[in-house]
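To start, the structure itself, in structure tokens.
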Amino acid sequence: MVDMAGRTVTVSGRAERIITTFKPATLSVLSLGLADRLVAVDTHSPRVEINTAVYPAMSALPKIGNRSMGMNLETIISLKPDLVLLYAQKDGVITADRLSRSGIPAIIILPESMASIKAALRIIAQAAGCPERADTVIQAIDHVMSVVSARTDGLPAQQRKTVYYAGPEGFFSTASGNMLQDEMISLAGGINAGHALAGFFKSISPEQFVQWNPDAVFVCREIRSSTGKYLKKPQLAEVSAVKGKQFFCVPSGNAPWDFPSPLSALGVLWAAKRLYPDRFTDVDLIKEIDQFHEILFSRSFTEMGGQLADTIHP
Amino acid sequence: MKKSPVCNPEPAVNIVHNTRYTTGLLMFLLVGLFFFSLMVGRLEIRLSEIWTFACASLFGTPVPPELSSKALVFTLIRFPRCLLAVFVGMGMSISGAVYQGLFRNPLVSPDILGVSAGCTFGAALGLILPGDSFMLVRVLSFVFGLAAVFLALGIARMIAVSPILVLVLAGLVVTSVFSAFLMILKYVSDPYNDLPAIVFWIMGSLNRVEWNDLYIIMPVIGGGLILIHILRYRLNVLSLGDLQTRSLGMNPTVYRIIFIMVSSLMVAVTVSTCGQVCWIGLVIPHIARTLVGPNHSKMIPVTLLIGGIFMLAADMLARSITAAELPVSIITALTGAPLFVYLLYKNRGSGWI
């Protein structure tokens with residue numbers, strides 16, 4: 001099969017011993033219902049609450065390192081996996097090639113947009129020998145997206161709200177036009193303030209924030225606790241989002257929906273509901289979320305003790 | 001010391017004339033650039049509007065409602081930021097000049113001696129420790145900055161051959177030790193909360209500045225600049241060496257400690273407000289020396305002015321070129337490094353290094 005870096009990899013057809021090396025990969029494997037096939041994960045994955053809620057045994061699995069600090073190749077090989085899911089950045093491709101040379105099938109997945117999140121699910125499901133499972137998850141994603149588009153597609157351009165997204169590096173660091181967060185905002189019917197920027201998270205000046213004058217501000221949960229103070233800063237008082245107190249933390253309490261995973265679909269639904277509450281009065285957010293989790297993890301969001309945790313207190 | 005008066009080829013009269021002229025010109029440039037940078041940015045603010053805002057803050061005259069957003073940007077974001085740029089530029093370049101005079105070594109500066117690395121580590125440690133004390137970050141930054149200088153000095157003194165070279169090498173050692181400590185902090189810190197905060201802090205930018213920061217920075221750097229300006233002649237004496245200093249009736253150790261403490265304090269408040277700013281401390285004193293000669297009583301005021309101008313210009317570019325903010329260190333390093341090479345080339349064979 002061909003992976004998302006264009007490499008041709010020979011796989012057994014039914015992988016039983018899977019290793020994931022970054023958070024989106026782990027969450028994708030879990031949402032395909034393949035948790036009990038994991039033999040090792042990266043050090044960061046068990047820190048995502050939903051991962052351990054779905055699969056408590058994950059904390060006890062061997063850890064192979066992580067993307068930012070490097071992986072231990074010997075640990076990976078010693079566990080005799082028949083599928084290793086790697087990232088495309090940094091040393092991902094080199095490591096995948098080295099593993100393949102030692103007879104271990106290694107696949108690059110690159111979930112960076114709604115389309116590639118689905119593509120990654122298909123590839124993993126194919127390698128694990130359960131392609132129908134990917135169809136189920138993708139149907140669930142498409143259902144959520146259709147709920148949103150049915151209510152936002154007709155929005156006239158002048159009613160679309162400008163959204164400022166603050167990333168994990170701080171309030172004045174925002175998502176550029178080629179990031180998933182930009183796509184999520186536009187799928188939700190909004191306009192990303194930093195759409196014209198290119199690259200990764202970009203730092204901006206407070207002046208630029210005032211000039212963009214966003215109608216709403218979404219922040220990632222890493223900086224949630226330090227965001228409230230920006231609602232009170234006099235220098236930002238004239239910004240629409242500050243005046244209207246339209247500051248929200250992207251859910252949820254147990255997994256970041258603003259980072260690539262099948263749950264990003266829920267992030268879009270949540271964003272649309274917060275931006276255009278009038279158009280979504282008939283949508284019960286928690287009910288949709290529960291259904292989605294039920295399909296992916298066989299347990300609802302509420303059962304897992306999940307909370308939106310999206311308010312920001314000044 | 002770079003050149004003793006004996007090997008200084010220029011006649012004294014010429015330099016006196018030059019100095020007055022240069023200082024006046026630089027002062028004029030700094031004031032002009034300051035007003036210009038108040039107008040430049042992502043939001044266009046005209047000179048007439050600045051006048052309106054100034055009257056509003058000073059005499060309480062009303063601001064037209066259509067300008068209220070601009071008024072907030074001007075008084076609470078842009079004005080403090082320009083002010084900070086001037087103070088940071090002056091503080092960093094003066095501490096560079098003091099270090100160079102003190103250690104009689106043209107190759108040292110707060111970044112090279114490891115002070116900046118020590119301050120950065122201290123600030124990161126303050127961020128990780130429980131409690132949300134802003135003061136803790138600054139105090140730890142200062143303590144580890146000082147520890148870094150004394151460590152570098154101690155190593156250099158212990159080895160005690162070829163002092164100019166060894167001091168630079170010792171600084172290199174101290175810098176890498178503190179960088180390693182910083183990496184340990186980043187490795188053990190919580191990827192969701194502490195790590196982004198540290199990364200954000202280290203990247204360094206003037207974009208977070210608020211008046212609260214200036215209430216600390218202005219007295220510390222302002223006081224430091226005044227003190228060094230008053231004592232600047234003592235730097236000339238100190239740069240003659242300990243023996244001569246004593247024979248002139250001055251206690252070298254006391255003054256050396258005063259100078260180190262004051263300049264490290266200035267570096268620490270800078271680093272803990274806007275991260276590491278490269279090259280200013282090393283390059284600006286050299287430019288000043290090329291302009292008015294090595295005598296500290298003339299060179300210190302000129303260093304001060306050029307430092308302010310340089311940083312103000314660099315930050316103006318950083319915040320207005322693109323919608324995204326450029327890290328200011330990119331600009332200071334890209335202009336400072338080639339300038340330094342040019343100065344090295346121009347002054348080759350003049351006993352400069």
Selection from the stretch B:21-61 of residues that are outside any helix (DSSP H, G or I) and either within 14 Å of chain A (Cβ to nearest Cβ) or surrounded by 18 or more Cβ atoms within 10 Å (Cβ to Cβ) (or both): B:Val40, B:Gly41, B:Arg42, B:Leu43, B:Glu44, B:Ile45
Just checking, does the stretch A:177-199 include any residue being within 11 Å of chain B (Cβ to nearest Cβ), modelled with pLDDT under 90 and outside any helix (DSSP H, G or I)? yes
B:Leu282 being surrounded by 21 or more Cβ atoms within 10 Å (Cβ to Cβ), away from chain A (no Cβ under 14 Å), more than 28 Å from B:Leu334 (Cβ to Cβ) and in contact with a helix residue (DSSP H, G or I) (Cβ under 7 Å, 6 or more places away or on another chain): no
Could you check, for the stretch B:315-330, whether at least one of its residues is touching a residue at least 40 places away in the same chain (Cβ under 8 Å), under 22 Å from B:Leu26 (Cα atoms) and basic (Lys, Arg)? no
Could you grab me the full set of residues in the stretch B:139-187 that are under 30 Å from B:Asn212 (Cβ atoms) and modelled with pLDDT under 85? B:Lys186
Considering only helices (runs of 4 or more DSSP H) wholly within the stretch B:136-247, the ones with at least 3 residues that are out of contact with any helix residue (DSSP H, G or I) (no Cβ under 8 Å at 6 or more places or on another chain) and on the phi < 0 side of the Ramachandran plot are B:163-188, B:211-230
Please determine whether any residue of the stretch A:207-226 is away from chain B (no Cβ under 11 Å), surrounded by 20 or more Cβ atoms within 10 Å (Cβ to Cβ), within 30 Å of A:Leu32 (Cα to Cα) and not basic (Lys, Arg). yes
Would you check if there is a residue in the stretch A:258-268 being more than 30 Å from A:Gln291 (Cβ to Cβ), surrounded by 23 or more Cβ atoms within 10 Å (Cβ to Cβ) and in contact with a Ser or Thr (Cβ under 9 Å, 6 or more places away or on another chain)? no
Those residues of the stretch A:95-119 which are β-branched (Val, Ile, Thr) and touching a Pro at 6+ places or on another chain (Cβ under 7 Å) amount to A:Ile104, A:Ile117
Does B:Asn18 meet the test of being at pLDDT below 85 and either touching a strand residue (DSSP E or B) at 6+ places or on another chain (Cβ under 6 Å) or surrounded by fewer than 11 Cβ atoms within 10 Å (Cβ to Cβ) (or both)? no
Looking for something within 24 Å of the chain's Cα centre (by Cα), surrounded by fewer than 18 Cβ atoms within 10 Å (Cβ to Cβ) and modelled with pLDDT under 90 - is there at least one such residue anywhere in the stretch B:62-85? no
Residues that are over 15 Å from A:Leu86 (Cα atoms) and of a type outside the set (Lys, Arg), drawn from the stretch A:26-47: A:Leu30, A:Ser31, A:Leu32, A:Gly33, A:Leu34, A:Ala35, A:Asp36, A:Pro46
If you check B:Ile287, B:Ile260, B:Ile306, which single one turns out to be in contact with a Leu (Cβ under 9 Å, 6 or more places away or on another chain), assigned to a helix (DSSP H, G or I) and surrounded by 24 or more Cβ atoms within 10 Å (Cβ to Cβ)? B:Ile306
Would you check if A:Pro168 is outside any helix (DSSP H, G or I), under 23 Å from B:Arg81 (Cα atoms) and not small (Gly, Ala, Ser)? no
Quick one: count up the residues across the stretch A:164-183 that are in contact (Cβ under 8 Å) with a residue 40 or more places away in the chain and touching an Asp or Glu at 6+ places or on another chain (Cβ under 7 Å). 3
Within the stretch A:94-149, residues being surrounded by fewer than 18 Cβ atoms within 10 Å (Cβ to Cβ) and either touching a His at 6+ places or on another chain (Cβ under 9 Å) or among the polar types (S, T, N, Q) (or both) number 9
Every residue in the stretch B:78-129 that is within 14 Å of chain A (Cβ to nearest Cβ) and in contact (Cβ under 8 Å) with a residue 60 or more places away in the chain, please. B:Pro80, B:Arg81, B:Cys82, B:Leu84, B:Ala85, B:Leu127
Qualifying residues in the stretch A:228-264 (those that are in a loop (DSSP other than H, G, I, E, B) and in contact with a Phe, Trp or Tyr (Cβ under 6 Å, 6 or more places away or on another chain)) - the one farthest from A:Ser28 (Cα to Cα): A:Val250
Need pairs with beta-carbon distance below 7 Å; first residue assigned by TED's automatic domain parsing to the domain that holds A:Val219 and under 18 Å from A:Pro256 (Cα atoms) and within the stretch A:184-205, second among the small types (Gly, Ala, Ser) and not in a loop (DSSP other than H, G, I, E, B); sequence gap 6+ or separate chains. A:Met184/A:Ser264; A:Met184/A:Gly267; A:Met184/A:Ala271; A:Ile185/A:Ala271; A:Ala188/A:Ala271; A:Ala188/A:Ala272; A:Phe201/A:Ser173
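The rows are residues; the columns are (1) among the aliphatic types (A, V, I, L, M); (2) closer than 30 Å to A:Asp42 by Cα.
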{"site": "B:Pro110", "(1), (2)": "no, no"}
{"site": "B:Gly118", "(1), (2)": "no, no"}
{"site": "B:Phe144", "(1), (2)": "no, no"}
{"site": "B:Gly154", "(1), (2)": "no, no"}
{"site": "B:Ile159", "(1), (2)": "yes, no"}
{"site": "B:Ser179", "(1), (2)": "no, yes"}
{"site": "B:Ile184", "(1), (2)": "yes, yes"}
{"site": "B:Tyr187", "(1), (2)": "no, yes"}
Would you confirm, using the coordinates I've provided, whether B:Ile300 is under 29 Å from B:Phe35 (Cβ atoms) and out of contact with any His (no Cβ under 8 Å at 6 or more places or on another chain)? no
Would you please name the residue that is nearest to B:Tyr99 (Cα to Cα), looking only at residues in the stretch B:193-246 that are of a type in the set (Phe, Trp, Tyr) and within 14 Å of another protein chain (Cβ to nearest Cβ)? B:Trp201
Can you tell me which residue is nearest to A:Pro214 (Cα to Cα) among those in the stretch A:234-247 that are facing chain B (nearest Cβ under 10 Å) and surrounded by 16 or more Cβ atoms within 10 Å (Cβ to Cβ)? A:Val239
Taking the stretch A:66-89 on its own, how many of its residues are within 14 Å of chain B (Cβ to nearest Cβ) and either buried (at least 23 other Cβ atoms within 10 Å of the Cβ) or touching a residue at least 40 places away in the same chain (Cβ under 8 Å) (or both)? 2
If you take just the helices (runs of 4 or more DSSP H) that sit entirely in the stretch A:1-115, which of them hold at least 2 residues that are more than 20 Å from the chain's Cα centre (by Cα)? A:73-78, A:92-101
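The values are calculated or read from the model by the stated rules, or taken from the named source; none is laboratory data. Treat the numbers as computed from the prediction; the structure is a model and nothing was measured. Every residue, glycine as well, gets a Cβ built from its backbone with ideal geometry; the counts of neighbours run over all protein chains shown.
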